[in-house]
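> Let me give you the structure first, and then I'll get to my questions.
The values are calculated or read from the model by the stated rules, or taken from the named source; none is laboratory data. Just so we're clear, the structure is a prediction, and the values are computed from it rather than from any experiment. Here the Cβ positions follow ideal geometry from the backbone for every residue, glycine too, while neighbour counts run over all protein chains shown.
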Amino acid sequence: MKAKKVVALGLAMMMAAMTVTGCGGGGDNGQKQTEITIYQSKIEANEGYKKAIEAYEATHPDVKINLEAVTGNDFTASLKAKMQSDPPTIFSVGGFQDLKDYGDILEDVSDLEALEHALDGTKDMFTKDGKVLAVPLYMEGYGFVVNRQMFEDAGVDFDSMMTFDGMKAGFDTLQKKIESGEMEEKYPNLEAVMEYPTKELWIAGDHDANVALAHDFASAQEAYVAETLPGKGFEDYKTMVDFQASYTTNADSTANLNSVDYTTSLEGGLAIERVAAIKQGNWVAPAVETTDPEVLKKLDLLPYSVPGFSEGKYFVGVSGYWAINSKASEEQKKAARDFINWMYTDPEGQKIVVEDCKFVPPYDNFEGLEASDPLSQRIMTANENGNTMDGWVYSGAPNTWGQQAAGVEVQKYLAGQATWEEVTQSCIDQWETMRKAQQ
């Protein structure tokens, strides 16, 4: 009998609580909450996002934020499925192909306070019909990630490698010391100056192809609307492909590079000091730190210097954006706007973006914050000094052109199955064909 009274009392209390909070749930003191969902692809930043959400909710009890993350390789398909079943309020988007896929549900966010601080080169990168349809989420930059300590031990001044000729001279010096055995005692694993994993089509087909596209187009958006590819920068493209291949252990048998993958070049290459350099960006820092945190401390990032074109410049761009679902309720869209503004304008949010998410912010109001790794800090400094070029022009290419056209053609070139003239012409022809097919 006593047990029945306790149960009855419990049920009564539960019903009273439901009456106060309402069917939609509630926050502290019975305050009604607006619930939003974030769906994002940068899974390595998930813990940082969780910290940001916790901090935001602590001062905004009227908002409940759910977070879902899917790895980048599976994100596009999963997001399309998500849109059909349970559309998120905020979601991350990448290249301009997303304008075609999601253009009808992207909220105009041109009134966001954060955009007032967007760095030059980001404000016009995801717009349509005069509307800003996504907010810069983070920037990434690439060049040549090098073991600075290794080069200095070989007698090479790091600052002397800021130009193409200086970089080549430094690489030549280290290569000679490797061949002579002078580096063996301190670096017993060291085999070559570089690794060039062209099995990964995006490495030669997106990032290296960007130097060609940057000759023809001022931005990814300009490339996105181009029906044809002039191809003015393909000789520079060849210069950088040849440069990288020539410093690998497969310099005399470049076809073998088409079997080298990303993991071999990074965790099995740079991070264990088997090679001294790879063409990559600040995003490799977490993987190096996991493999050997002491090696990360030795790393630095050289510019993607192309003779007469990008000397001393890092290829930097926005590689991720926040989009708001225009089909969400007005309360949800308001909460989404406020959370994004908080991340990029509030000191607590800004600190989490840099230190916990480990992002290079695409905004000019992050003064005094420093990245926790030397590669991201190098990109932040390059942004501050204006030593950058647009590294994401390729995101405006026809969908799959970078990898299935340019990347595949470079593989043929390295395997001796195509001349560079044939590579150039094929890439130009495939641009036009792919663009027509996608319109």
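> Any chance you could count how many residues in the range 102-119 are of a type in the set (G, A, S), buried (at least 20 other Cβ atoms within 10 Å of the Cβ) and not in a strand (DSSP E or B)? Steps first, answer last, please.
We begin by selecting, within the range 102-119, every residue of a type in the set (G, A, S); these are 103, 110, 114, 118.
So of that shortlist, the ones also buried (at least 20 other Cβ atoms within 10 Å of the Cβ) come out as 114, 118.
Applying the additional criterion that residues be not in a strand (DSSP E or B) yields 114.
So the count comes out to 1.
> Tally up the residues in the range 409-434 that are within 24 Å of the chain's Cα centre (by Cα) and either surrounded by fewer than 19 Cβ atoms within 10 Å (Cβ to Cβ) or not assigned by TED's automatic domain parsing to the domain that holds D236 (or both), please.
Matching residues across the range 409-434 total 0.
> Just checking: which of the helices (runs of 4 or more DSSP H) contained wholly in the range 249-363 hold 1 or more residues that are touching a helix residue (DSSP H, G or I) at 6+ places or on another chain (Cβ under 6 Å) and surrounded by 19 or more Cβ atoms within 10 Å (Cβ to Cβ)? Give the steps one after another, and end with the answer.
Numbers: elements: 262-265, 285-291, 293-298, 330-345, 347-355.
Ranges flagged: 285-291, 293-298, 330-345, 347-355.
> How many residues are within 18 Å of G407 (Cα to Cα) and either among the aromatic types (F, W, Y) or assigned to a loop (DSSP other than H, G, I, E, B) (or both) if we restrict to the range 198-229?
Residues meeting the conditions: 6.
> Does the range 92-100 contain at least one residue that is surrounded by fewer than 20 Cβ atoms within 10 Å (Cβ to Cβ) and among the acidic types (D, E)?
For the range 92-100, residues surrounded by fewer than 20 Cβ atoms within 10 Å (Cβ to Cβ) and among the acidic types (D, E): absent.
> E330 versus (1) free of Cβ contacts under 8 Å to residues at least 60 places away in the same chain; (2) assigned by TED's automatic domain parsing to the domain that holds Y56; (3) within 30 Å of R148 (Cβ to Cβ): which is the lone unmet condition?
Of the numbered conditions (1) free of Cβ contacts under 8 Å to residues at least 60 places away in the same chain; (2) assigned by TED's automatic domain parsing to the domain that holds Y56; (3) within 30 Å of R148 (Cβ to Cβ), the odd one out for E330 is (3).
> Here is a further query. Against the definition (among the acidic types (D, E), surrounded by fewer than 23 Cβ atoms within 10 Å (Cβ to Cβ) and more than 30 Å from E432 (Cα to Cα)), how does D242 come out, yes or no? It would help to see each step written out before you state the result.
Working: among the acidic types (D, E): yes; surrounded by fewer than 23 Cβ atoms within 10 Å (Cβ to Cβ): yes; more than 30 Å from E432 (Cα to Cα): no.
Spelling it out, it is not the case that D242 is among the acidic types (D, E), surrounded by fewer than 23 Cβ atoms within 10 Å (Cβ to Cβ) and more than 30 Å from E432 (Cα to Cα).
> Tell me, which helices (runs of 4 or more DSSP H) wholly within the range 368-439 include 2 or more residues that are in contact with a strand residue (DSSP E or B) (Cβ under 9 Å, 6 or more places away or on another chain) and not hydrophobic (A, V, I, L, M, F, W, C)? Even if it seems obvious, please write down each step before you answer.
Working: elements: 374-385, 408-414, 420-438.
Where helices (runs of 4 or more DSSP H) fall fully within the range 368-439 and carry at least 2 residues being in contact with a strand residue (DSSP E or B) (Cβ under 9 Å, 6 or more places away or on another chain) and not hydrophobic (A, V, I, L, M, F, W, C), they are 374-385.
> Another question about this same structure. Taking the options K123, K131, name whichever one is within 30 Å of A397 (Cα to Cα), of a type in the set (D, E, K, R), touching a residue at least 12 places away in the same chain (Cβ under 8 Å) and not assigned by TED's automatic domain parsing to the domain that holds A218.
From the options K123, K131, the qualifying one is K131.
> List, please: which pairs have Cβ atoms under 6 Å, are six or more places apart or on different chains, and start with a residue in the range 42-71 that is touching a residue at least 60 places away in the same chain (Cβ under 8 Å) and end with one that is of a type in the set (S, T, N, Q) and in a strand (DSSP E or B)?
V63/T34
> Please verify whether Y237 is under 30 Å from V193 (Cα atoms) and over 22 Å from the mean Cα position of the chain (by Cα), treating the condition exactly as stated.
no
> Can I ask one more? Within the set of pairs 6+ apart or on separate chains, which have a first residue in the range 241-266 that is more than 19 Å from L190 (Cα to Cα) and assigned by TED's automatic domain parsing to the domain that holds E200, a second that is surrounded by fewer than 16 Cβ atoms within 10 Å (Cβ to Cβ) and not β-branched (V, I, T), and C-beta atoms under 6 Å apart?
A255/A415
> Same structure, new question: Any residue in the range 146-160 that's assigned by TED's automatic domain parsing to the domain that holds D300: show its pairings with residues that are surrounded by fewer than 16 Cβ atoms within 10 Å (Cβ to Cβ) and assigned to a loop (DSSP other than H, G, I, E, B) at Cβ separation under 8 Å, as long as the two are six or more apart or on different chains.
Matching pairs, first to second residue: D153/K186; A154/E182.
> Does the range 233-240 include one or more residues that are assigned by TED's automatic domain parsing to the domain that holds E422, at pLDDT 95 or above, over 24 Å from Q411 (Cβ atoms) and not in a helix (DSSP H, G or I)? Spell out how you get there, then give the answer.
Step one: of the range 233-240, the residues assigned by TED's automatic domain parsing to the domain that holds E422 are 233-240.
Narrowing further to those that are at pLDDT 95 or above: 233-240.
Pick out the ones that are also over 24 Å from Q411 (Cβ atoms) and you get none.
For the range 233-240, residues assigned by TED's automatic domain parsing to the domain that holds E422, at pLDDT 95 or above, over 24 Å from Q411 (Cβ atoms) and not in a helix (DSSP H, G or I): absent.
> Is it true that some residue in the range 174-187 is modelled with pLDDT of 95 or more, in contact with a Leu (Cβ under 8 Å, 6 or more places away or on another chain) and within 24 Å of F309 (Cα to Cα)? If you could, list the steps in order and put the result at the bottom.
First pass over the range 174-187, keeping only residues modelled with pLDDT of 95 or more: 174-187.
Checking which are in contact with a Leu (Cβ under 8 Å, 6 or more places away or on another chain) leaves us with 178, 183-184.
Filter again for within 24 Å of F309 (Cα to Cα), leaving none.
No: zero hits.
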